[in-house]
Structures are given as C-alpha cells and as structure tokens.
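Take a look at the structure set out below.
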Amino acid sequence: MMRDALDRVTPQILRAAVEAESCDFQDRALMLIKSILPFDTAIWSTLALVGENYEVRHTRCLDRAAKMCLVHDHLPDDSFARALIIEPGRSFIARSDDSQIWAVELLRRLDEAGIGSALGTCVVQAKTGLAHTVILYRNQNAATFSEPERQLKEALTPHLADGQRQNRLIGLRRDLLSSWAETHFTATADRYGVLYDAEDCFVDLLLTEWPDWRGAALPESLVERFRNGPLWRYYGQQIALYAEPMEETCLMIATRLSSLVQLGQREREVAGLFAQGMTYKAIAQQLSITPATVRDHVAHVYCKLGVSNKTELLKHFDEASGQFGAVDHLADSLSQCRRVAVRH
C-alpha cells in the first residue's frame with residue numbers, strides 16, 4: 001500500500017515542480033502529501049549551513065494558525081529539529097508532550113496550538129550545504145503518526161526537496177535564459193552570499209573555478225562582491241558569472257568560459273587578428289612585433305587549442321563572443337526588467 005501511494009504521488013510532485021508558480025509549489029506539494037498521509041498543519045523550512053550552524057532561510061506553513069507560525073521561530077534551537085539535522089534522510093515521530101524532545105517554550109506553544117504529535121524529516125544537499133526540514137503535525141484528538149506513515153514520509157521527503165529546488169530553478173530558466181538554457185546555469189543567494197538554491201551544473205562550474213569550495217556560503221571572492229552591492233559581474237579563469245538582485249534574493253547566472261582562457265593576452269590578440277584574415281605582416285605592424293613572432297604565437301595557439309586551420313580557430317572566437325555576449329545581454333535584459341518593475 002505504501003509503495004502504491006509513493007508511486008502515485010511522486011510523479012505528481014515532479015509535475016507540480018514543472019507547472020506550478022514558485023509561490024505555489026510548496027502548498028501544492030504538501031496537499032499532495034496530505035492526500036495519502038493525513039495531517040493538520042505542516043512547516044517546511046529551508047536552511048543553509050553557515051560556519052558550523054544551520055540558519056533558517058525560508059519557512060512555509062500550511063493550514064497555519066497564528067500560534068503555529070510562532071513555532072518555526074525557534075527551529076534552530078529546537079531539539080527535535082536538531083535531531084532531524086543530525087540524522088538527515090531519516091524520519092522521526094514525536095509526541096508533543098515529550099519533554100525530552102521539545103524545548104520548554106515549544107512545548108507550551110504546541111500545547112496552545114492543540115498539537116498532539118509531529119513527524120519530521122530533514123534532507124541535506126552535501127555540496128551546497130542547503131537543507132530542507134519538513135515537519136507534519138496532527139492535532140491532539142488525532143491518532144499519533146504510525147511506523148508505516150513514518151516510512152512513507154521518509155521516502156517522500158527527498159522528492160519534496162528536489163521538487164522545490166527544481167521548481168525555483170525551472171522558473172528562472174524559463175523566464176530568463178531562453179536560448180542559452182543549455183550553457184548558462186542559475187542559483188539564488190541572499191545579500192550576504194549564502195546560497196538558497198543552485199542547479200547541479202552551477203555547482204559544478206563553481207568547483208571548476210574553486211575546487212576546494214564547499215557551500216552554503218559562496219567562495220570568498222564572490223562574497224566580497226556581495227559586500228560591494230548585489231549587482232556585479234565576475235570573469236574568472238574558468239567561468240563568467242553575473243549577479244542581479246531579485247526581490248529579497250540575488251539571482252546568479254554562470255557559464256563556462258571558452259578554451260581561449262588558456263591563451264595569454266598577446267596570444268589572444270594575435271590569434272584574433274589572424275582569425276579575422278589579417279596577414280602575419282599586417283599583424284606585426286599593428287602590434288609592433290616581428291612577423292616571425294606572429295608566426296610563433298599562431299603556432300602556439302594552434303597547439304593549445306588543438307586546431308589546424310583558420311576556420312577552426314575562428315569557431316573558438318565565435319564561441320567566446322557568444323558566451324560573453326550572452327552574459328552581457330542577460331545582464332542588460334535583467335536590469336531593464338528591474339527598472340520596469342520599479343516604475344510600476
């Protein structure tokens with residue numbers, strides 16, 4: 001029965017990730033869970049590992065009353081939530097009157113809200129240091145969560161976390177990237193440079209530039225840019241990255257730089273002119289070097305790029321122009337959208 005319920009709801013969660021607006025996905029996904037795992041209230045929190053501790057980045061309450069909204073204020077200090085984080089991927093059941101599980105203040109608030117039991121799970125993304133904690137609550141007059149329900153929740157929560165991540169990023173890609181979606185990848189962060197969400201390919205790009213990086217705080221050279229303001233561009237050894245403020249978060253778009261990054265400045269100058277059709281002599285005159293030096297530079301460029309003729313060389317320059325141009329075009333488009341939004 002649990003297998004049937006899981007097989008029925010999981011595709012619906014994934015469909016909601018693609019179809020739902022970002023502001024609606026969590027409610028829609030939790031209602032799907034409620035159809036096979038009854039509960040009265042749910043709290044879904046997104047956390048980020050900052051230093052040694054997790055910080056709450058965003059919280060969504062379903063069927064919430066004012067008293068239940070207060071519960072998530074203490075989530076980082078809640079011993080039940082800490083137990084979920086310590087053993088990510090495992091679901092736990094807790095009765096609301098268990099003083100060994102709940103902090104004293106939360107015990108009082110749960111009692112005021114009429115909560116009888118809770119079923120919680122935490123899912124952690126190791127690379128980014130991001131976590132999702134989903135806790136379902138039942139009222140005092142309802143049956144305590146059962147072991148089969150615990151197992152079902154444990155199997156479902158990873159799909160919820162992945163669906164939330166995909167929903168946000170699919171929305172960004174659909175709205176912003178259009179024809180560049182296969183080469184440009186997105187992430188969102190707060191104004192301090194701590195990730196909210198990131199596509200796998202975005203993370204992979206960061207690791208090519210900073211192999212030792214581990215989230216959720218971005219590499220220090222990017223964090224430094226956040227300190228100077230939320231609108232910036234970064235051109236590194238391997239990647240180009242653009243950041244733009246969006247409401248309470250910051251959108252980042254990254255792409256891999258072309259193979260031309262392995263060329264020295266003079267090699268790029270010579271190769272660019274040669275690809276445009278200039279002769280060794282004309283290039284030498286323009287750059288105030290000898291034709292023999294131009295010939296040596298071209299030979300080194302051919303070897304580094306693995307090309308054998310001018311046509312292949314020109315393709316590398318066309319690719320590089322497209323990559324930088326796409327980032328710059330996206331930056332200009334997003335800035336224009338932001339200005340329109342401010343006027344309205």
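May I ask you to compute the full-extension gain from Phe317 to Asp111, defined as 0.36 nm times their residue separation minus their alpha-carbon distance, rounded to one decimal in nm?
67.5 nm
Find the percent of Cα-Cα distances in the range 182-257 that exceed 22 Å, and round it to a whole number.
9
Rounded to the nearest 0.05, what FRET efficiency do Glu147 and Trp213 have when you use their Cβ-Cβ distance and R0 = 30 Å?
Step by step, r from the Cβ atoms, then E = 0.15.
Report the full-extension gain for the segment Gln286 to Ala83: residue separation times 0.36 nm, less the Cα-Cα distance, to one decimal in nm.
66.3 nm is the gain from fully extending Gln286 to Ala83.
Based on the Cα gyration tensor of the range 177-307, what are the three equivalent ellipsoid semi-axes, each the root of five times an eigenvalue, rounded to whole Å and given largest first?
For the range 177-307, the semi-axes come out at 38, 14, 13 Å.
For the pair Glu19 and Asn228, what calculated FRET efficiency results from E = 1/(1 + (r/R0)^6), where r is the Cβ-Cβ distance and R0 = 41 Å, to the nearest 0.05?
In this case the efficiency is close to 0.60.
With label points built 7 Å along Cα→Cβ from the Cα atoms of Gln140 and Glu55, find their separation and express it in nm.
3.7
So how much slack lies between Asp204 and Thr183, counting 0.36 nm per residue of separation and subtracting their Cα-Cα distance, in nm?
6.3 nm
Please give the charge dipole size of the range 182-257, origin at the Cα centre, charges +1 on K and R Cβ atoms and -1 on D and E Cβ atoms. Round to the nearest 20 debye.
Values: 6 positive and 13 negative charges, 62 e Å.
That gives the range 182-257 a dipole magnitude of about 300 debye.
Put a dot 7 Å past each Cα toward the Cβ at Asp162 and Gln238; how far apart are the dots in nm?
2.5
A short reminder: the numbers here are calculations on the coordinates, not readings from a lab. Bear in mind that the values here come from a model prediction, so they are computed numbers and not experimental data. Note that each Cβ is placed from the backbone with ideal geometry, even for glycine, and that neighbours are counted across all protein chains shown.
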